[in-house]
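The values are calculated or read from the model by the stated rules, or taken from the named source; none is laboratory data. Computed from a predicted model, the values in this text were never measured in an experiment. Note: ideal-geometry Cβ built from the backbone for every residue, glycine included; neighbour counts use all protein chains shown. Accessible surface areas use protein heavy atoms only, side chains included; no ligands, DNA or RNA. Shrake-Rupley method; radii C 1.70, N 1.55, O 1.52, S 1.80 Å.
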Amino acid sequence: MKGGLAAQQHTFIRQSQVNQAAVRASFKVAHILATHGKPFTDGDFVKQCILAVAEEVCPDKREALNGVSLSAPTMTRRVEELGDNVYEQLNEKASQFKFFALAMDESNDVQDTAQLLIFIRGVSASFEVSEELAALKSLKGTTTGEDIFVQVCKTMEELGLAWSKLASITTDGAPSMVGTTRGLVGRLNSKFEERGLTPPLQVHCLIHQQALCCKVLKWASVMKVVVHCVNYIRKNGLKHRQFQAFLSELESAYEDVLYYTEIRWLSRGKVLHRFYDLLPEINTFLQSKGETVRELTEPEWKWNLAFLTDVTEMLNHLNVQLQGKGKLISDLYSHIRAFEVKLVLLVRQVEKLDFTHLPATQSYCAEKPPVPFPVEKCKDALEMVQGQFSVRFRELHVNGKAIRLFQNPFAADINDADPSLQFELAELQNCDILKDAFKTDSLIEFYAALPEETYPNIKQHAMKMSTVIGSTYICEQTFSRMKQTKNTTRNRLTDKHLHQTLRLATTRLQPDIELLTSQKQTHSSH
């Protein structure tokens with residue numbers, strides 16, 4: 001009788017374990033679908049694939065796998081629960097933030113609903129830095145500074161964040177964001193003044209600033225010809241195929257030319273680089289079609305093309321350096337300063353006809369063209385870029401001393417530091433043990449290890465600097481993901497489900513599937 005009872009109990013326990021495993025599996029599949037932006041209905045497709053594999057590989061497991069519920073309604077509920085669990089974890093982390101920063105941007109989805117993305121980067125007392133999606137707010141009406149301000153206030157309340165802990169705010173520079181009176185920044189400053197608080201640091205996305213600096217290099221005489229040639233080749237299907245076949249016959253390193261898209265940050269540099277490398281092939285092909293473009297054989301125009309190719313390539317390299325998630329403001333500032341030094345160096349070298357750092361220009365110079373290099377024109381272009389960098393990054397340089405102090409406190413000038421930091425800097429700079437332990441590639445770990453009782457103000461300064469978000473890159477990246485997730489075939493995706501999907505796709509937090517499973521009354525799929 002005891003044996004029979006134990007066998008019956010084991011049967012129920014085993015069935016319960018199988019059911020729990022099935023629920024955990026459905027949560028994990030839903031998580032994968034959400035992070036890859038797949039439709040919830042793909043759960044049925046995944047199940048068909050699993051069962052097909054099971055029939056061939058492990059037929060005895062087919063019944064157990066068939067018990068995993070992956071229907072569209074189930075996947076929808078699972079994604080909601082996973083997103084809520086991650087948000088609860090974010091709430092818990094937010095309660096521990098000593099300081100935090102916000103980055104936000106607004107864009108329309110496929111249904112023309114304005115979606116406001118708000119990202120948060122916060123730091124705890126132990127210097128644990130977290131960067132997460134704080135909210136996705138759908139704006140059904142206007143998108144004025146007041147509308148955005150209201151949504152930011154709601155987000156702060158939902159996460160239980162104190163205004164006094166807001167260290168900086170990063171925007172894309174749109175008037176509704178940076179307006180000093182009616183914009184978001186102006187309203188935030190007014191709110192801080194009412195509360196007697198110091199306004200947060202205002203950051204205009206450094207990547208947008210860099211992209212705006214590039215626009216001074218219009219050089220329409222070059223770009224007009226390049227765009228005309230590319231469009232002539234690609235606008236007609238037959239010509240396009242013939243050009244591709246022509247490149248294949250010549251065993252060219254490239255298979256095609258690229259379209260130019262002005263709004264894409266790296267487009268011009270990539271188009272010019274490809275066009276310059278394929279210039280002989282393009283000219284030959286156009287002549288074979290009776291399309292004569294005289295600029296392609298003019299030495300002066302080719303000088304301009306080569307120089308513009310080199311400069312845009314350098315600007316693209318800087319743009320890529322500024323991209324990325326979780327980058328510290330000190331690293332971005334270093335890239336900007338380094339590029340400004342390069343510009344000064346290039347101006348001097350161009351005056352001396354030294355093309356060491358301009359490979360395309362140098363290669364064309366080796367061909368000994370009959371027309372001399374247009375020194376003044378190219379020098380003026382570099383100086384225009386210099387001027388743009390000086391103007392657009394003026395605010396960044398105003399905070400340069402604070403950033404450099406955070407980047408390397410041992411190299412900071414005590415006389416230039418804030419009075420509250422001077423005595424602590426004197427102690428720090430004369431501590432050989434800490435000086436030996438300092439490494440620029442592990443700033444967060446260094447500041448986390450500093451004794452709180454000896455360097456309280458330096459640690460507080462480091463906390464603020466570590467939260468500053470230098471660009472809205474993470475917002476732009478998430479908007480690209482939004483366009484892929486809520487596309488023309490999924491235009492009925494609700495704002496709530498879009499929010500949960502994007503949260504799971506961008507978070508570094510892992511949803512607690514074990515906890516979610518334990519809260520379920522598990523049973524097999526019907």
> Taking the Cα centre of each part, how many Å lie between segment 414-454 and segment 274-328?
Replying inline: 47 Å
>> Using 0.36 nm times the number of residues separating Lys483 and Ser71, minus their current alpha carbon distance, what extension gain do you get?
In response: 145.9 nm
> In square angstrom, rounded to the nearest 10, how much accessible surface does Lys93 have for a 1.4 Å probe?
Replying inline: 50 Å²
>> Residues of segment 347-366 with the amide nitrogen closer than 15 Å to a label point 7 Å from the Cα of Lys379, along Cα-to-Cβ, please.
In response: 347-355
> When the chain is fully extended, how far beyond the present Cα-Cα distance does Val53 get from Leu258, taking 0.36 nm per residue of separation?
Replying inline: 69.6 nm
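Please give the net charge around Thr181, taking every other residue with its beta carbon less than 12 angstrom from that of Thr181, where Lys and Arg add +1 and Asp and Glu add -1.
Counting the neighbours of Thr181, the net charge comes to +1.
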> Quick one: putting +1 on the C-beta of Lys and Arg, -1 on the C-beta of Asp and Glu, what dipole do you get for the chain around its Cα centre, in Debye to the nearest 20?
Replying inline: 1200 debye
> Which one of Pro374, Gln388, Asn415 is farthest out on the positive end of the charge dipole of segment 330-450, using unit charges on Cβ (Lys, Arg +1; Asp, Glu -1) and the Cα centre as origin?
Replying inline: Pro374
> Extension gain Leu515-His228, at 0.36 nm per residue separation less the Cα-Cα distance, in nm?
Replying inline: 97.3 nm
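Within the chain, which DSSP H helices have Cα atoms that stretch 24 Å or more along the helix axis and a mean Kyte-Doolittle hydropathy of at least -1.0? Kindly include the intermediate steps, with their values, before the conclusion.
Numbers: long enough: 2-35 (49 Å, -0.02); 72-94 (33 Å, -1.05); 299-322 (35 Å, -0.10); 329-351 (34 Å, 0.55); 375-392 (26 Å, -0.31).
Once both thresholds are applied, what remains is 2-35, 299-322, 329-351, 375-392.
If you take the beta carbon distance between Glu395 and Ala64 as r and set R0 to 51 Å, what does 1/(1 + (r/R0)^6) give as a FRET efficiency, to the nearest 0.05? The partial results should precede the final answer.
Working: r = 61 Å, r/R0 = 1.20.
According to the calculation, E is roughly 0.25.
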> To the nearest 0.05, what FRET efficiency results for Glu157 and Glu128 with a Förster distance of 25 Å applied to their C-beta separation?
Replying inline: 0.60
>> Just to verify a number: FRET efficiency for Glu427 and Val341, C-beta to C-beta distance, R0 = 35 Å, to 0.05?
In response: 0.60
> When you count, for each residue, the other Cβ atoms within 10 Å and take the mean per peptide, how do 378-387, 273-282 rank with the highest first?
Replying inline: 273-282, 378-387
>> Keeping all protein chains in place and using 1.4 angstrom, which order do His240, His228 fall into by accessible surface area, from largest down?
In response: His228, His240
> Which entries of Lys224/Lys377; Lys154/Lys496; Lys165/Lys496; Lys38/Lys61; Lys302/Lys377; Lys93/Lys459 show an alpha-carbon separation above 22 angstrom in the structure shown?
Replying inline: Lys165/Lys496; Lys38/Lys61
> Per residue, what volume in Å³ does the convex hull of the Cα atoms of the chain enclose?
Replying inline: 244 Å³
>> For a quick check of your reading of the filter: which GluC sites (Glu not before Pro) in segment 65-145 sit in a DSSP loop and have no more than 15 other Cβ atoms within 10 Å?
In response: Glu128
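Using DSSP to call loops (not H, G, I, E or B), can you name the GluC sites (Glu not before Pro) in segment 347-376 whose Cβ has at most 15 other Cβ atoms within 10 angstrom?
On the way: sites: Glu351, Glu367, Glu376; in loops: Glu367.
Answer in residue order: Glu367.
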